[in-house]
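A short worksheet on the structure shown next.
None of the figures in this text is laboratory data; all of them are computed from the coordinates on show. What you see is a predicted model; the values in this text were computed from it and never measured. FYI the Cβ positions are ideal-geometry reconstructions off the backbone, even for glycines, and counts take in every protein chain you see.
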Amino acid sequence: MSIRERLSGNEAVANAMRQINPDVVAAFPITPSTEVPQYFSTFVNNGSVDTEFVPVESEHSAMSACVGAAAAGARVMTATSANGLSLMWEVLYIASSLRLPMVMACVNRAVSGPLNIHNDHSDSMGARDSGWVQLYCETNQEAYDNFIMATRIAEHKDVQLPVMVCYDGFITSHSIENIELIEDDVVKNFVGEYHPEHYLLNREEPIAVGPLDVQPYLFEHKYQQANGMRNAAKVIKEVSEEFEKLTGRKYEFIEKYQMDDAEYAIVVLNSTAGTAKAVVDDLRAKGVKAGLVKPRMFRPFPGKEIAEALKNVKAVAIMDKADGLNGVGGPLFTDVTSAMVVNGVTDVKVVNYIYGIGGRDVRTTDIEKVYSDLQEIEAAGKVEDPYRYLGLKGGRA
Amino acid sequence: MSNLVEIRWHGRGGQGAKTASLLLADAAFNTGKFIQGFPEYGPERMGAPITAYNRISDEKITVHSNIYEPDYVVVVDDSLLECVDVTAGLKETGAIVINTTKTPDEVRPLLKGYKGRVCTIDAKKVSEETLGKYFPNTPMLAAIVKVSGIMDEQVFLDDMVESFKHKFAKKPEVIDGNMAALRMALNEIKE
């Protein structure tokens, strides 16, 4: 039996951490992720976990402490946002390339500058090629569920990679909503005990972690790391299916909403997918065949599944909450369109919308505009400008 | 989602509008509803205008935007009537409830031609008589429950006793005063 509750996204994730009871949590506060270590520290204080909580002096130190603890053989977690993630940068790559499982709550927020504490995806999208598995969450429920599953995914012997669980700052992290929690003992059984194959504190097997890796070796190590990411897809599937048996909540690589006969589709991550679902329902009631694809993971990228879902639509809008700053489009757009081409889906009109930057609110009327544009694109038979901005004051120059 | 009720709170930093919106979400949750309670985060300063929101529904709520066409608006500080467009988008089938010493007829001219129900309550008087201090959010919470009719008043009061016991676990002496504030507020609304 699940537990009916109402929690913010940060409360939900802190509770997942409590139920998992990791060996080490090292974190430095930054809005809007601060509450995660803050709530968790109360669990440390009141004895509901026996975690070694390391309140460090910066995010670089937080990730370094996570790396050290994970190398020692500990189950490790942290949380951060925006510039905190930026400061972790060099160590993010070290964590993934040393094949150290750990789980991070990345509470999405705009990276400075200028300074903005509100939601967009410029932080985690910047880290998309750092070798971390990235899961994206529409709701507090998905943040909680993915955080629990992330532990198993990260630690699987065929993966051994860190996992970032991304959810929208304030919109998800600070809003109170209904949630179904899992009983403590059920979570404990699901995640199980962590027994790494090789670890520094094993005196039976003295090893070195992270020594100089010169020309004859680094290439092969990077190949092994890439294989870990490729394997992650299979493991995510297995863990999600087991999770579904436990909770009844189904998690696939992508969520398809009204896609069976959809003519006009949106691809979008996180909380905006929920707002778009309400618009899809309205449009369907008016006879418009609207649909939605919500990738649940961005790394590994579910390119085949997305291309398959989109192959029969007339036009698709790929929405990015981070600008690519590359002159051609946002990161989701470039990956989705390349996956479409690679998988032979070339008859679909594609358009990119940069939206919601710096916490610009995304309204149902904004999403309606996108579907209306898709119908215009279909009628015109061409896409005039595929790199667009949604809700930009004054429009694009 | 015809049963969806959307509420927008206008207050000033420090008056507890955010807390009131979360308590309302709690109370509605306890009657079995799907709820959202969230503030619009900005540069928060004591006294600066702030906005908070509630969605309450019998069905799962997927929309994650701010609320632009609320059914109800709560104004926790009537000085906001001069600087914030509090009735923006407010449905005329809904209502606005304002903390003020004035009557509904006296404040209506400040509401840019809003034609729906206008309710007022002197939350300062209620708060000072029951709590001995000015905390407008507790009376305003009762006011919106009464004006919106989103839940039975007695169910609401029973639920709030439990919420206050939890919220004020470290200062139980204020629970009775807050309950008195809720009960008095339910009878002090002018319409």
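Where a ≥ b ≥ c are the square roots of the eigenvalues of the C-alpha gyration tensor, would you call the stretch A:254-389 rounded, which needs a/c under 1.5, or, failing that, prolate if a/b is larger than b/c, or oblate?
Values: a/c = 1.22, a/b = 1.07, b/c = 1.14.
Since a/c stays below 1.5, the shape of the stretch A:254-389 is classed as rounded.
Result for chain B in a Gaussian network model with C-alpha springs under 10 Å: among B:89, B:116, B:149, the largest mean-square fluctuation is at B:149. Restricting attention to the stretch A:3-247, close to 20% of DSSP beta bridges with both partner residues there are antiparallel.
Could you work out the mean count of beta carbons from other protein chains within 10 Å of each residue's beta carbon in A:262-272?
The per-residue average across the peptide is 1.
How much FRET efficiency would the formula 1/(1 + (r/R0)^6) give for residue B:161 and residue B:187, where r is the Cβ-Cβ distance and R0 is 25 Å, rounded to 0.05?
On the way: r = 18 Å, r/R0 = 0.72.
Result of the calculation: an efficiency of 0.90.
By definition, a body whose alpha carbon gyration tensor gives a ≥ b ≥ c is oblate when a/c is 1.5 or more and a/b is not larger than b/c, and the protein assembly as shown fits this oblate description.
Projecting the Cα atoms of A:344, A:302, A:328 onto the charge dipole of the stretch A:254-389 (Cβ charges, centred on the Cα centre) puts A:302 farthest toward the positive pole.
Here's the picture: charge each Lys and Arg Cβ at +1 and each Asp and Glu Cβ at -1 in the protein assembly as shown, and of A:71, A:102, B:107 the one pushed furthest to the positive end of that dipole is B:107. Each Lys and Arg adds +1 at its Cβ and each Asp and Glu adds -1 at its Cβ; summed about the Cα centre, chain A shows a dipole of about 780 debye. The residues neighbouring residue A:154, those whose beta-carbon lies less than 13 Å from its own, together hold a net charge of +3 under the Lys/Arg +1, Asp/Glu -1 convention.
For the pair the stretch A:164-233 and the stretch A:333-386, the centres of their Cα atoms are 34 angstrom apart.
Peptide B:34-42 is shielded by partner chain Cβ atoms: per residue, an average of 5 of them sit within 10 Å of its Cβ.
Just to be sure I understand the rule: take each whole DSSP H helix in chain A, project its Cα atoms onto its long axis, keep it if the span is 27 Å or more and its mean Kyte-Doolittle hydropathy is at least -1.0. Which ones pass?
Values: long enough: A:218-247 (42 Å, -0.82).
Once both thresholds are applied, what remains is A:218-247.
Rounded, prolate or oblate: which fits the stretch B:1-103, taking a ≥ b ≥ c as square roots of the Cα gyration tensor eigenvalues, rounded meaning a/c under 1.5, else prolate when a/b beats b/c? Cα axes put the stretch B:1-103 in the prolate bin.
Structure remark: mean-square fluctuation, Gaussian network model of chain B, C-alpha springs under 10 Å; the largest value among B:76, B:126, B:155 belongs to B:155. Restricting the trypsin sites (Lys or Arg not before Pro) of the stretch B:1-90 to loop positions (DSSP other than H, G, I, E, B) with no more than 11 neighbouring Cβ atoms within 10 Å leaves B:45.
Counting Lys and Arg as +1 and Asp and Glu as -1, each charge on the Cβ, what is the dipole of the stretch A:1-151 about the Cα centre in debye, to the nearest 20?
Values: 7 positive and 15 negative charges, 31 e Å.
Charge dipole of the stretch A:1-151: 140 debye, to the nearest 20.
Enter the Cα centre distance for the pair the stretch B:85-129 and the stretch A:50-112, rounded to the nearest angstrom. So the two Cα centres are separated by 50 Å.
Please give me, ordered by residue number, the GluC sites (Glu not before Pro) of the stretch A:198-239 that lie in loop per DSSP and have at most 12 other Cβ atoms within 10 Å. Don't skip to the answer; put the middle values down first.
Details: sites: A:204, A:220, A:238; in loops: A:204.
In loop regions of the stretch A:198-239 (DSSP not H, G, I, E or B), the sparsely surrounded GluC sites (Glu not before Pro) are A:204.
Quick one: if the Förster radius is 30 Å, what FRET efficiency do residue A:42 and residue B:46 give, using the C-beta to C-beta distance and rounding to 0.05? Plugging the Cβ-Cβ distance into 1/(1 + (r/R0)^6) gives 0.70. For the options A:356, A:324, A:291, a Gaussian network treatment of chain A with springs between C-alpha atoms closer than 10 Å singles out A:324 as fluctuating the most. Remark: the residue A:205-residue A:219 segment gains 2.5 nm on full extension, using 0.36 nm per residue and subtracting the alpha carbon distance.
Converting phi to 3J(HN,Hα) with the Karplus coefficients 6.51, -1.76 and 1.60 and the offset θ = phi - 60°, the stretch A:160-167 yields 6, 9, x, 10, 9, 9, 9, 9 Hz in sequence order, with x at every glycine or proline.
Kindly state, to the nearest 0.05, the FRET efficiency for residue B:170 paired with residue A:56, given R0 = 30 Å and r defined as their beta-carbon distance. Before the final figure, lay out the partial values.
On the way: r = 30 Å, r/R0 = 0.99.
The computed FRET efficiency comes out at 0.50.
Using Cβ point charges alone (K and R +1, D and E -1), the dipole size of the stretch A:254-389 about the Cα centre works out to roughly 240 debye.
Roughly speaking, what is the stretch gain from residue A:193 to residue A:384, that is 0.36 nm per residue apart minus the C-alpha to C-alpha distance, in nm to one decimal?
So the extension gain works out to 63.3 nm.
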